[in-house]
Amino acid sequence: MAIVEVAIPVPLNKTFDYLCDVEVAVGTRVRVPFIRKIVVGIVLGNKDKSDFDKLKSVEEVLDDTPILDQPILDFLFWSAKYYHHPIGEVISAALPKNLRLGKEAKIKKVTGLSIDTEKPDYKITDEQSHAIDEILKAQNSYHGFLLHGVTGSGKTEVYLNITQAALDQDKQVLVLVPEIGLTPQMVSRFESRLETRVVAIHSQLNETQKLDAYLMAKNGEAGVVLGTRSAIFAPMPNLGLIIIDEEHDGSFKQQSNFRYSARDLCFIRAKQANIPLVLGTATPSLEMLKNVMDKKITRLTLTQRAGGATMPKVSLIDMRQHFDGLLSALLLEKMQQYLSKGKQVMLFINRRGYAPVYYCKECGWKAECGRCDSGMIYHRHINRLKCHHCGDEKIPEHTCPDCKQPSLEVLGYGTERLEETLSSHFSDTPIIRIDRDTTRRKKAFGEHLKQINSGEPCIIVGTQMLAKGHDFSNLAMVGILDTDAGLLSLDFRATEHLAQLLIQVSGRAGRAKEQGEVVIQTRYPDHPIFSYVLSSRYTQFASQLLKQRSSALLPPFSHQALLCANAKNKQVAEDFLREAAGLLKSIQIDVVEIWGPVANIIEKKSDYYYFNLYLQSNDRKALHQMLSTFNEHIDTLKLRNKVRWYLDIDPIE
């Protein structure tokens, strides 16, 4: 009997040995007994002998040929080691659900080949041409490029040209985008230009579609795989190029279970495959700008908008002079001017729901979530108070629970209330609201985009789902409301994220021939961030931030990890981290600083109390050495089974 080493999706840092009466290739799925159930695992190796005497047998071999080839397994091993996460769970995160459940690895429906491709009707600019040439020089070797192009400068055109060049060499191309909302738009642009199969991988597909896309990538039928962060794990035997669009976007980081960053893993995947990597954005993250400074990647710039479009005019409205609610008279007047010319207007507010505060104006009582440290948000169309952290809902009271007076009111604005206010000012204009509530239905987002792309005058109200990548040709004006929260945040990355958001949202305006306008409402018009945004000097602003980070020794000039524990008993969560801090300090690596435990910004979520321990070092190797040693001795912590805990490497929250 042969012995096979199998990875099983359990939160344990080890693999398991089983007897098997046939020879099984590495990367093949097997059904095996584990504790009291049958599970699907992946074979990682064959052995002559095991450290254990009594071995169970493999129940069934599920694949004739391996589902994971050696390059993708090497990539998953690297990921598991870097993020200090069990290999079984890492492999599980990389597979579509149907493969995890043991279903047959067979394509049901081959999709993605467009019948009629079209050539572009405009000439590429000198800047685009230079960027394409530079990237193609590195075609068969590892090299990172930051494609830093202002919004509307035609980065997608560069992607299409370099993708075609890779396809001409019979190579496959992986393209990552941050939002599901951008995927259909990107897919249609790639399909309309490239004579190859373009498949999408993202969470809004059903399980059969995800499996088909995965298998078409694996067998080389798909020339282009386009998807959100999980597409980084698609097996592509002829991978020749990786493109990441909007590299600065936080949604490339997974925030639950296996907490990987798809953007960071792209570097490793490109290095292992010895291929070029292109990261495109109008607002590079400080990490990428530091990589440029350290000469680890090459920066290519596109400073002009494509097709003769000009950058929008940006102005501020000082809200200290306006007391007429969320919308100043000046903003309404500007909106009216553009709408009367048959143009579209977009208002951006990063808060869904009707109003963030439901309170009593007599005694000051506020509707709070009973399970979280946060207020309940009022949603008027369903007449419910909702917690946006745990999803709890309740019907609002009519009288104040504290003083029994019928004096309850709402305070503040969300997208829903903004939509209602606008319809009283612009009764004849269609208002399209795009947020998580209005796009829950499967095809709703696509329908909204279709309505906007028809070019008819309308007012678009949206959250940050609309901030990036979309190209609305008749959108002439963008109004940005309520940005001040980003200026008052405790997070050291808040001003970087706010600048990126302001520039990305502004970039939606005036992408056709006429100059667009961006209007920002704020109570802090003198804040330095605005002088940079108004004059489109993002790079200079980022340089200032890099200097501040360097003197404070914060990322990207140091490396961080976060150990988070949560429990229903507040004391237990805190005590576990104290115990963990003791273990970490006993490892005695002086270059790693340990801070905490401290309560999370929102201490209580869904009846669990959250506490964090922060680790920081300017020596990445030492930090990971400490965490590896910590993982080996985690069993010595007495409270480990009384809490839920996880490690987050390079946290962004």
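The values are calculated or read from the model by the stated rules, or taken from the named source; none is laboratory data. Just so it is clear, the model here is predicted, and its values are computed rather than measured. Quick reminder, even Gly has a Cβ in these numbers, built from the backbone with ideal geometry, and neighbours come from all protein chains shown.
Okay, here's what the table says:
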item	result
Per-region count, the range 502-548, residues within 21 Å of ALA309 (Cβ to Cβ), crowded, with 16+ Cβ neighbours inside 10 Å and in contact (Cβ under 8 Å) with a residue 60 or more places away in the chain	19
The range 256-300: number of residues that are free of Cβ contacts under 8 Å to residues at least 40 places away in the same chain and under 17 Å from the mean Cα position of the chain (by Cα)	1
Residue that is nearest to ARG189 (Cα to Cα), among those in the range 121-139 that are surrounded by fewer than 16 Cβ atoms within 10 Å (Cβ to Cβ) and not charged (D, E, K, R)	TYR122
Qualifying residue in the range 403-418 (condition: part of a strand (DSSP E or B), crowded, with 19+ Cβ neighbours inside 10 Å and either in contact with a Lys or Arg (Cβ under 7 Å, 6 or more places away or on another chain) or among the small types (Gly, Ala, Ser) (or both))	no
Pair list, Cβ under 8 Å, 6 or more apart: the range 383-408 residue under 14 Å from PRO356 (Cα atoms), other residue exposed (fewer than 13 other Cβ atoms within 10 Å of the Cβ) and among the hydroxyl-bearing types (Ser, Thr, Tyr)	LEU408/THR399
Failed item, numbered, when GLU118 is tested on (1) surrounded by fewer than 18 Cβ atoms within 10 Å (Cβ to Cβ); (2) touching a Leu at 6+ places or on another chain (Cβ under 8 Å); (3) of a type in the set (Asp, Glu)	(2)
Residue selected from the range 432-480 under the condition small (Gly, Ala, Ser) and out of contact with any helix residue (DSSP H, G or I) (no Cβ under 9 Å at 6 or more places or on another chain), by the criterion farthest from ALA282 (Cα to Cα)	ALA444
Elements of type helices (runs of 4 or more DSSP H) contained in the range 151-240, each with 3 or more residues being touching a Ser or Thr at 6+ places or on another chain (Cβ under 8 Å) and closer than 25 Å to ILE132 by Cα	182-193
Selection status of LEU347, assigned to a loop (DSSP other than H, G, I, E, B), assigned by TED's automatic domain parsing to the domain that holds ILE529 and under 29 Å from LEU422 (Cβ atoms)	no
Exclusive hit being under 28 Å from the mean Cα position of the chain (by Cα) and in contact (Cβ under 8 Å) with a residue 40 or more places away in the chain, set LYS103, LYS49, LYS97	LYS97
Test: residue in the range 141-156 that is in the same structural domain as ALA262 (by TED's automatic domain parsing), touching a Gly at 6+ places or on another chain (Cβ under 8 Å), β-branched (Val, Ile, Thr) and closer than 30 Å to GLN500 by Cβ	yes
